[in-house]
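Only one structure is covered here, and it is reproduced in the block below.
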């Protein structure tokens, strides 16, 4: 199986796991999954938040904003750093759009491996003139 197929299978399993754990609002999961640029990233949850990683293995990357529910029924988009608030969104679709606007250049599909392996791969690619 090629690397792209492995990545796609791992990412899809991640999305299924996030759906099954029930910690994130269904409408947010549906909106994020409907967005192709987010669907190719590895999803993970924490404290009812939906995060996106550029790699498939933990510790996952922290260079993409994440979405958390707001008390009024809307959403807060934060990050990538914990203390950084991007803004508030009334709908899941608006929150997803805010995340997509802030994706790092060349983001996706998810790299099979850890953040450290991803960084080494990106450094090697730069050295070889591939990016």
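Any read-out appearing in this document is the output of simple, stated calculations on the displayed coordinates, not a laboratory observation. Keep in mind that this is a model prediction, so the values were computed, not measured. All Cβ positions, glycine included, derive from the backbone under ideal geometry; neighbour counts span all protein chains shown.
For the chain, the 222 nm mean residue ellipticity estimated from helices alone, with every DSSP H stretch of n ≥ 4 adding -39500 (n - 2.57) and the total spread over all residues, rounds to -12500 deg cm²/dmol. The three principal axes of the Cα atoms in the chain give end-to-end lengths of 49, 29, 22 Å, sorted in falling order. Placing a label point 7 Å from the Cα of residue 19 along the Cα-to-Cβ line, the residues of region 44-61 whose backbone N sits under 15 Å from it are 44. Computed from Cα atoms, the angle from the helix 115-127 axis to the main principal axis of the chain rounds to 50 degrees. Gyration tensor over the Cα atoms of region 41-99: the corresponding equivalent ellipsoid has semi-axes (square roots of 5 times the eigenvalues, largest first) of 20, 11, 10 Å.
Of the residues 85, 56, the one with the fewest other Cβ atoms within 10 Å heads the list, and the complete ranking is 85, 56.
Taking 8 Å as the Cα distance limit and 6 or more residues as the minimum spacing, I'd like the relative contact order of region 48-131 as a percentage. Before the final figure, lay out the partial values.
Values: 132 pairs, mean separation 24.7, N = 84.
Averaging sequence separation for qualifying contacts and normalising by length gives 29 percent for region 48-131.
Helix 92-101 and the longest principal axis of the C-alpha atoms of the chain enclose an angle of approximately 30°. The long axis of helix 3-21 is offset from the longest Cα principal axis of the chain by roughly 20 degrees.
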